[in-house]
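**Student:** I'd like to ask you about the structure that follows.
Please treat every number below as a calculation from the coordinates, not as lab data. Note that the coordinates shown come from a computational prediction; the quantities given were computed from them, not determined experimentally. Backbone-built Cβ (ideal geometry, glycine too); neighbour counts: all protein chains shown.
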């Protein structure tokens, strides 16, 4: 039976947001809830009366700091933290794992725990699961946390796995150390930024008798996008009947995003820490009171707030206090920030109970993201004209939908000029090729005896130690025209998503081969990854540095074949899927000719290869048909009503209705792009015969065949 009875009042219909409640030894708590950080049994500069007035319900204290000063004997003497600090509400104590993580130069870790020197008197101390729980029992908190090994969220998989497994062993010891204490105990999910480890950690800890589960190891090095992604991923694996706590997060926007992803509890030092620097969160956006524009302002800090700072003082006075480093300034701004946080939690809960959270979320995201510069008190000076980031012949440009792309200066051609690059890559290449479905394990193929005797084959099966790919069933994707790696990273994101959802045992290996002769676009984009979120990942950096990258699971390998495509083509294994995305024929004509498609088809002979490209040009389709491909219309993206898909073998039934048919052939005959530019006149008749005799234009193809009056091509 849980020592922290938890119930859900409502879950949002169009979000994972939850409104719940749980009962502690010191009263009931409604969620979502924000817990101010009182590390040393006090929230900096605040009294318990000011905390209650701001709306605080649960406080957080830290086991590591309180064990050093005042020490367990004081809490034992006073009967716990509540009487000691005169707080009658619930208290959650952190175990000290994060503080040990921050002492990386002054501590030693082993299976037993962490040895460190006291910053108070230099004496050595051991923080182990048992000593951490003993201290938390002495403190008398309502909710205790297990001791975990916190590491950077960007740590390699092997290091992350070791830390996660140690955390699991310490979690079992923490449960045993709790004994018959009535205090609740939370486990902490670790695994850094590795989807499979996060799933494993959540499943292992969910099987233990914890009263709640926390998401640890975030806000320690990863990007904001990664934090949101892994929060969303972990909550999918957590049981619905336990409260969920995201540790150390964050800004109001971070909290809104995490509630949207199914989190119930939060703590962070940001409200008080930023208040000490003169920053306030308001319904108008974030305000920096130190700015001179507020020197004469008679406005209230926040027109929507009735806290002491907003009710009794002007922005001018708060500006004066902050500039003078008066403690009253940080006190008032902390009061306001905590009031703002608690009001936000209350409004989120109310919107969930009304089942209007999705609308609330959409309205609040832009509001909470506003900064002081979005609403200056004086007209800003004209912005300086800045040259866009540039490398060689390429520069970063902003598209009409607000996304960023790479433009080739000499030709003016823009990669993904209209649509968001990640969205276009996903629609055109990932979804259309059914990559997620193809990654799932198929029945074991028959042994190919023709492979026997080759150096990278053992018994008809590819040797992973020699090929770098886990089995003969590897799915091979060619990424022709790497550019800023939008398509390759979309494939990697798809792989990581399927891996997290289905587990490694359900996946085929994936081998991505990227071809590119000019790496400047990728180098530029990785240096400006704030503009290109898909590159906020270890893979592109490793690819540029080493020419390849292998996923921690061993199931994905990404390789770069730099240089001329036709010169490197023979080095690539035959492809299952080809993402054909070089610059257009206007800029890069050699890669769109029949001779290139002939080489591709020959290299992939024996496979049911499918080629996907953004181009719907008649000349491109004609070149593919004359090279022997079957050609169909692909999905439209951006301004393009249609794209092109080509097949080495006749496609399956799902594509038959989209094959180019007799009506297209009739349009071709009227086209001004009937023949390749380099085709000699004497070869045109043979060219026409080859095209018209293509199997896909036989009986049973597209309805509405040629009319007698259809023009014949001019030869």
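**Student:** So what are the three principal axis dimensions of the range 1-55 from its Cα atoms, in whole Å, longest to shortest?
**Tutor:** Largest first, the range 1-55 extends 40, 30, 19 Å along its Cα principal axes.
**Student:** When the expected Rg is taken as 2.2 N^0.38 Å, what fraction or multiple of it is the alpha-carbon Rg of the range 313-354?
**Tutor:** Normalised Rg, Cα atoms only: 1.58.
**Student:** Hey, with R₀ at 41 Å, roughly what FRET efficiency would residue 295 and residue 40 work out to, going by the Cβ-Cβ distance, to 0.05?
**Tutor:** Details: r = 35 Å, r/R0 = 0.85.
The pair residue 295/residue 40 has a calculated efficiency of 0.75.
**Student:** What span do the alpha-carbon atoms of the range 22-268 cover on each of the three principal axes, reported in whole Å from largest to smallest?
**Tutor:** 46, 40, 34
**Student:** Next up: For a test of the definition: using alpha carbon positions, the gyration tensor, and the 1.5 limit on a/c, classify the range 49-104 as rounded, prolate or oblate.
**Tutor:** Details: a/c = 2.85, a/b = 1.34, b/c = 2.12.
It comes out oblate by the Cα gyration axes.
**Student:** Separate question: Taking a quarter of the surface of the convex hull around the Cα atoms of the range 55-140, what do you get in nm²?
**Tutor:** Its average projected convex-hull area is 5.9 nm².
**Student:** For the range 1-154, what is the largest minus smallest coordinate of the Cα atoms on each principal axis, given in angstrom and ordered from greatest to least?
**Tutor:** Principal extents (Cα only, largest first): 50, 39, 33 Å.
**Student:** Compute the Rg to Rh ratio over the range 529-623 from the alpha carbon atoms, using the Kirkwood formula for Rh, and round to two decimal places.
**Tutor:** Taking Rh as the inverse mean 1/r over Cα pairs, Rg/Rh reads 1.00.
**Student:** So, one more: I need the P(r) histogram for the chain: all alpha carbon pairs, bin width 10 Å from 0 out to the longest distance, whole percents.
**Tutor:** Reading upward from the zero bin: 3, 12, 19, 20, 17, 13, 8, 5, 2, 0, 0.
**Student:** Taking 0.36 nm per residue of sequence separation and subtracting the Cα-Cα distance, how much length would be gained by fully extending the chain between residue 652 and residue 530, in nm to one decimal?
**Tutor:** Stretched out fully, the residue 652 to residue 530 stretch lengthens by 39.8 nm.
**Student:** Expressed as a rounded percentage, what relative contact order does the chain have, with Cα pairs under 8 Å and six or more residues apart?
**Tutor:** Over the chain, the number comes to 9 percent.
**Student:** Can you quote the Å³ per residue value for the convex hull of the Cα atoms in the range 198-315, rounded to an integer?
**Tutor:** Spelled out: Cα convex hull of the range 198-315, divided by residues, is 131 Å³.
**Student:** So between residue 587 and residue 398, what do we pick up on full extension, going 0.36 nm a residue minus the alpha carbon distance?
**Tutor:** 66.0 nm
**Student:** Using only alpha carbon pairs under 8 Å that are at least six residues apart, calculate the relative contact order of the range 22-268 and give it in whole percent.
**Tutor:** RCO, the range 22-268: 17 percent.
**Student:** Ok, one more. Please give the FRET efficiency for residue 134 paired with residue 207, using the beta carbon to beta carbon distance and R0 = 35 Å, rounded to the nearest 0.05.
**Tutor:** 0.90
**Student:** Let me ask something else. Neighbour counts of other C-beta atoms within 10 Å: give me 77, 684 arranged from fewest to most. Provide the component values of the computation, followed by the final result.
**Tutor:** On the way: 77 12, 684 16.
Least to most surrounded, the residues fall as 77, 684.
**Student:** Can you sort 274, 660, 59 by how many other beta carbons sit within 10 Å, fewest first?
**Tutor:** 274, 660, 59
**Student:** From the mean inverse distance of alpha carbon pairs (Kirkwood) and the Cα radius of gyration, derive Rg over Rh for the range 257-320.
**Tutor:** My calculation of the ratio gives 1.06.
**Student:** As I understand it, the value is the acute angle between the Cα axis of helix 157-178 and the longest principal axis of the Cα atoms of the chain; what does it come to in degrees, rounded to 10?
**Tutor:** For 157-178 against the chain, the angle is about 30 degrees.
**Student:** Evaluate the distance, in nm, between pseudo-label points positioned 7 Å from the Cα of residue 306 and of residue 642 along their respective Cα→Cβ axes.
**Tutor:** Rounded to a tenth, the inter-label distance reads 6.5 nm.
**Student:** Between residue 663 and residue 690, what FRET efficiency follows from the Cβ-Cβ distance if R0 is 22 Å, with the result rounded to 0.05?
**Tutor:** 0.65
**Student:** Continuing with the same structure: Calculate, in nm to one decimal, what residue 7 and residue 88 gain on full extension: separation in residues at 0.36 nm each, minus their alpha carbon distance. It would help to have the intermediate numbers written out before the result.
**Tutor:** On the way: separation 81, 0.36 × 81 = 29.16 nm, distance 2.28 nm.
Extra length available between residue 7 and residue 88 comes to 26.9 nm.
**Student:** Enter the angle in degrees (range 0 to 90, nearest 10) between the Cα long axis of helix 486-502 and the first principal axis of the Cα atoms of the chain, meaning the one along which they spread out most.
**Tutor:** Approximately 60 degrees, to the nearest 10.
**Student:** Further question: Between residue 356 and residue 423, what is the label-point separation in nm under the 7 Å Cα-to-beta-carbon projection?
**Tutor:** Taking the simple label geometry, residue 423 and residue 356 are separated by 2.8 nm.
**Student:** In nm, give the distance between the simple-model label positions of residue 409 and residue 273, each being 7 Å from the Cα along the Cα-to-Cβ direction.
**Tutor:** Those two pseudo-labels are separated by 4.0 nm.
**Student:** How would 594, 527 line up from fewest to most surrounding beta-carbon atoms within 10 angstrom?
**Tutor:** Fewest-to-most Cβ neighbours within 10 Å comes out as 527, 594.
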